[in-house]
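Down below is the structure, laid out as structure tokens.
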């Protein structure tokens, strides 16, 4: 095994571990908020500005339109999201996080955000730029892998 393939393997393991810990952290936050994992991750996408409409959320998560309606309904009932009509195209529904998210959800994730920020702050700007490029490439690869699973593999039957 070459040095670079050994390094790639070690990075792959570290990324899998980060992913597992992220899932466990999200589950803890979701439990504290009375949400399920899909609802919390959808709320996070809305808060990050990654999605603006139910269709965006469906595209980002791969959930069906029925499942997305359920997610939005639950988030709305909890007071974390509001549906609003677009001022320009009145047919379009926009999803916006409420102030309640900042009050209730953000404090639960603050420890993780600070820990990650502190870990990143130990590196210089060049290392951070390289890391951002690598992370962007990894995000693209992950999205492609998820799309492949959703398109090519039927869901297992219970």
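Taken together, the values in this text are just the output of simple stated rules run on the coordinates, not laboratory data. Computed from a predicted structure; not experimentally measured. Don't worry about glycine lacking a Cβ; one is built from the backbone with ideal geometry, like all the others, and counts go over all protein chains shown.
For residue 37 and residue 121, calculate 0.36 nm times their separation in residues minus their Cα-Cα distance, and state this gained length in nm to one decimal.
27.3 nm
Shape call for the range 64-158 from the C-alpha gyration tensor, a ≥ b ≥ c root eigenvalues: rounded (a/c under 1.5), prolate (a/b greater than b/c) or oblate?
It comes out oblate by the Cα gyration axes.
Consider a paramagnetic label point 7 Å from the Cα of residue 77 along Cα→Cβ; state which residues of the range 3-42 have an amide N under 19 Å from it.
Of the residues in the range 3-42, 30-42 have backbone N under 19 Å from the label point off residue 77.
Using 7 Å Cα-to-Cβ label points, what is the residue 7/residue 139 separation (nm, one decimal)?
It is 2.4 nm.
How high is the FRET efficiency from residue 93 to residue 147, r the C-beta distance, R0 22 Å, rounded to 0.05?
Efficiency at R0 = 22 Å is approximately 0.35.
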